[in-house]
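One structure is given below, encoded as structure tokens.
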Amino acid sequence: MPPVVRFAVRRLGRAVLTLWFASTVTFLLLRLLPGNPALAVESPNMTVQARNILLHQYGLDQPLLTQYGKYLWQLLHGNLGVSFTQQVPVSSVLLARLPWTLLLTGSSLLLTIAVGIPLGVLAATRPHRVLDRLVQVFGVGVQSLFVPTVGIFLLFVFGLQLHWLPIGGAYTPGVYGGAWYVSVLSHLVLPCVSLMLVQLGSYALTLRATLIESLGEDYTVLANAKGLPRSKVVWKHALRNALLPTTTLVGLNLGYLVGGAVLTETVFAYPGVGRGIYEAVTQLDYPVLQGAFVLLAATVVLVNMLTDLAYGVLDPRVRTA
Amino acid sequence: MSVGALDSVTTEAPTAARATWSAFRRNPLGMISLVVLALIVLVAIFAPLVVSEPQGYGGAVLRAPSGSHIFGTDNLGRDIFAEVVWGTRISVLVAAASSALAIVIGVLVAVLGAYFPKADTVIGTIVDLCLSLPVLPLMILVTALAGTSLLTEILIIAFFSWPEVARVVRSQALSAVRLPYMDAARLTGGSSTWIIRKHLLPAVAPVVIVSVALTSSRAVLTAASLAFLGLGGVTNWSWGRILFESEQSGAMSSAWWTTLFPSLAMLVLVVSATLISITYNDARNPRSRED
């Protein structure tokens with residue numbers, strides 16, 4: 001088997017393992033916690049008979065192992081149960097919301113990289129000087145921010161005080177064609193920028209550290225000695241090698257990004273999965289909460305695997321790692 | 001190192017700690033952060049002496065900061081300064097308790113894994129799996145099911161924070177286990193518990209100190225996130241709950257002070273914890289130390 005294929009197969013195996021782990025943890029937590037779903041579906045003034053019918057309907061009267069098998073089987077078929085409050089399949093509730101979350105997280109990730117890399121380069125090429133210190137202070141500062149705080153303040157300043165941008169939702173209802181796309185874009189700006197700000201610190205600081213290191217490597221010295229222009233040495237030679245730790249950061253931060261999206265969508269009433277979680281919390285709609293976690297976990301695992309595979313193809317060192 | 005190698009363990013530890021401390025003291029940023037953090041903890045402990053518990057549905061609703069209410073009042077006329085001060089109690093308590101628990105579990109798992117290679121494959125895989133999942137949605141699900149008491153909140157945050165601790169400590173422990181002095185300790189016939197306690201734990205101690213700072217500040221933000229989503233309980237004041245109530249009542253769109261001050265409290269706490277860990281890391285490393 002060529003190494004690329006072996007790497008891909010191993011990576012796929014890990015993705016499947018992660019998904020199995022995520023769904024099993026969810027199953028066990030739901031069954032073993034004090035407030036188990038049987039208590040969640042029953043109400044105190046139910047008759048014993050009604051309670052038993054309900055438990056049977058949800059399969060909660062069967063042995064744990066049977067329940068587990070059925071649960072996995074249903075998951076494999078994309079069946080995440082039925083929403084308590086809306087009486088429709090959880091999967092259809094959530095899949096309608098998923099594109100908004102993907103749009104928000106994806107655009108904020110791209111924006112973070114587009115801003116974070118120049119910021120890191122700016123700092124690394126002037127180590128321990130004023131500009132570098134400023135980037136470091138900024139990086140630590142934004143890393144320490146509470147996600148909703150950023151959203152609330154952007155909303156307050158640019159939405160409510162200056163009226164530059166809409167304060168909530170994902171689009172203007174009743175608008176079609178080109179205007180609809182414009183409204184989607186204008187609704188996206190504030191949540192996207194909030195999510196970018198809270199991620200920016202770790203990207204800029206990581207890139208700064210690795211770039212300072214690769215600027216001290218022999219090949220950079222050689223490139224300088226050859227008389228290459230400074231910008232070419234930094235952007236073409238040193239940066240390329242410094243990018244790998246930064247791209248692994250994408251994978252490490254995906255979980256945090258999703259958590260941030262839940263909070264940001266809540267602040268901006270953005271109709272994604274995260275806002276769905278918030279609404280399900282207020283209504284104690286457990287199937288939606290469970291489905292949202294499984295769906296988000298699957299998305300994270302899939303994206304993680306795809307980025308890893310892309311880098312395995314691009315960088316031969318990754319394949320052997 | 002001219003004295004017996006056995007003595008060096010006992011004599012070197014205090015001097016290394018002293019060198020770190022004296023380097024730490026010379027960094028004004030680190031010292032200021034330490035003082036700020038100490039102040040926050042003091043406010044948390046002595047909150048009742050600072051200001052009385054926020055209550056009284058006064059007529060002064062949504063008043064901007066002024067002499068009588070320095071942080072202003074919320075939609076029910078409660079003093080936000082009192083809410084922030086009393087919120088410090090719960091926020092600090094949750095951070096301290098849950099990070100302590102997460103550190104104990106994480107260090108134990110990491111050290112046992114590093115010391116017993118057979119267990120390490122399983123532990124390493126579990127830690128990796130936990131870290132690759134979106135934790136907040138899972139915590140939301142669990143909190144919604146288990147209820148919002150203070151104890152369950154602490155347990156849940158700890159339960160989802162230890163893998164991060166284990167990851168950091170494990171990599172340090174794995175490199176320490178390979179060092180010659182560990183073989184020497186094994187050759188002297190010492191028991192595993194003795195070697196782990198006397199040799200492995202001190203080797204990972206610096207990493208543990210850094211993760212205490214990071215885990216506890218992350219716990220503050222996690223607790224606030226849960227509270228902001230309405231999973232914080234309404235019996236105690238916390239910084240997240242002030243934000244949640246501001247969002248729920250719609251006060252956040254007109255009264256900036258209802259969100260600014262709890263947010264600032266969180267920012268100050270997290271920044272000082274981060275700066276302390278950065279300063280400590282620099283002070284501990286003889287190469288970055290300017291002595």
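The values are calculated or read from the model by the stated rules, or taken from the named source; none is laboratory data. Since this is a predicted model, take the numbers as computed values, not measurements. Positions of Cβ are generated from backbone atoms using ideal geometry, with glycine treated the same way; all protein chains shown enter the neighbour counts.
Here is a yes/no grid of residues against (1) touching a Ser or Thr at 6+ places or on another chain (Cβ under 8 Å); (2) over 25 Å from B:Val104 (Cβ atoms); (3) of a type outside the set (D, E, K, R):
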position	(1), (2), (3)
B:Ser192	no, no, yes
B:Gly230	yes, yes, yes
B:Trp256	no, yes, yes
B:Ile276	yes, no, yes
Quick check: is even one residue across segment A:241-258 under 21 Å from A:Val189 (Cβ atoms), surrounded by 15 or more Cβ atoms within 10 Å (Cβ to Cβ) and not charged (D, E, K, R)? yes
Taking the conditions exactly as written (touching a His at 6+ places or on another chain (Cβ under 9 Å), at pLDDT below 95 and not aliphatic (A, V, I, L, M)), does A:Pro127 satisfy them or not? no
Considering only segment A:158-184, state which residues are within 12 Å of chain B (Cβ to nearest Cβ) and without any contact (Cβ under 8 Å) to a residue 24 or more places away in the chain. A:Leu160, A:Gln161
Taking A:Gly59 as the residue in question, decide whether it is closer than 26 Å to B:Leu133 by Cβ and either loosely packed, with under 15 Cβ neighbours inside 10 Å or modelled with pLDDT of 85 or more (or both). yes
Before we move on, is B:Val35 farther than 17 Å from B:Glu245 by Cβ and within 24 Å of the chain's Cα centre (by Cα)? yes
A:Val115: more than 22 Å from A:Leu295 (Cβ to Cβ) and either within 12 Å of another protein chain (Cβ to nearest Cβ) or part of a loop (DSSP other than H, G, I, E, B) (or both), yes or no? no
Breaking point among (1) more than 14 Å from chain A (Cβ to nearest Cβ); (2) buried (at least 24 other Cβ atoms within 10 Å of the Cβ), for B:Gly77: (2)
Determine, yes or no, whether B:Leu133 is under 30 Å from A:Asp308 (Cβ atoms) and part of a loop (DSSP other than H, G, I, E, B). yes
A:Leu155 facing chain B (nearest Cβ under 10 Å) and part of a helix (DSSP H, G or I): yes
Only one of A:Thr307, A:Thr299, A:Thr282, A:Thr264 is assigned to a helix (DSSP H, G or I), among the hydroxyl-bearing types (Ser, Thr, Tyr), within 13 Å of chain B (Cβ to nearest Cβ) and buried (at least 24 other Cβ atoms within 10 Å of the Cβ); which? A:Thr264
Restricting segment B:86-119 to residues that are over 17 Å from the mean Cα position of the chain (by Cα) and under 15 Å from B:Val165 (Cα atoms), the residue that is farthest from the other protein chains (Cβ to nearest Cβ): B:Val111
Is there any pair with a first residue in segment A:219-238 that is over 13 Å from A:Val121 (Cβ atoms) and assigned by TED's automatic domain parsing to the domain that holds A:Gly120 and a second that is surrounded by 11 or more Cβ atoms within 10 Å (Cβ to Cβ) and among the β-branched types (Val, Ile, Thr) whose Cβ atoms are under 6 Å apart and which are 6 or more apart or on different chains, and what are they? A:Ala223/A:Val233; A:Asn224/A:Val233
In segment A:77-95, which residue that is aliphatic (A, V, I, L, M) and in contact with a helix residue (DSSP H, G or I) (Cβ under 9 Å, 6 or more places away or on another chain) is surrounded by the most Cβ atoms within 10 Å (Cβ to Cβ)? A:Val90
Output the residues belonging to segment B:229-256 that are of a type in the set (D, E, K, R) and under 22 Å from the mean Cα position of the chain (by Cα). B:Arg241
So which residues in segment B:253-264 are surrounded by fewer than 24 Cβ atoms within 10 Å (Cβ to Cβ) and not hydroxyl-bearing (Ser, Thr, Tyr), if there are any at all? B:Ala255, B:Trp256, B:Trp257, B:Leu260, B:Phe261, B:Leu264
How many of the residues making up segment B:124-167 are away from every other protein chain (no Cβ under 11 Å), surrounded by 19 or more Cβ atoms within 10 Å (Cβ to Cβ) and among the hydrophobic types (A, V, I, L, M, F, W, C)? 7
Among (1) within 14 Å of chain B (Cβ to nearest Cβ); (2) at pLDDT 85 or above; (3) over 18 Å from A:Asp308 (Cβ atoms), the one test that A:Val16 misses: (3)
Search result, residues across segment B:252-271 that are more than 9 Å from every other protein chain (Cβ to nearest Cβ) and touching a Leu at 6+ places or on another chain (Cβ under 6 Å): B:Ala255
State all residues of segment A:134-157 that are without any contact (Cβ under 8 Å) to a residue 24 or more places away in the chain and within 24 Å of A:Val273 (Cα to Cα); if no residue qualifies, say none. A:Phe146, A:Thr149, A:Phe153, A:Phe156
Assess whether A:Ile277 counts as being farther than 27 Å from A:Val140 by Cβ, assigned to a helix (DSSP H, G or I) and assigned by TED's automatic domain parsing to the domain that holds A:Leu111. yes
Here are some conditions: (1) touching an Asp or Glu at 6+ places or on another chain (Cβ under 9 Å); (2) more than 20 Å from B:Pro65 (Cα to Cα); (3) within 10 Å of chain A (Cβ to nearest Cβ). B:Thr222 meets all but one. Which one does it not meet? (1)
Got a sec? Which of B:Thr274, B:Thr235 is away from every other protein chain (no Cβ under 14 Å), under 28 Å from A:Phe153 (Cα atoms) and not aromatic (Phe, Trp, Tyr)? B:Thr235
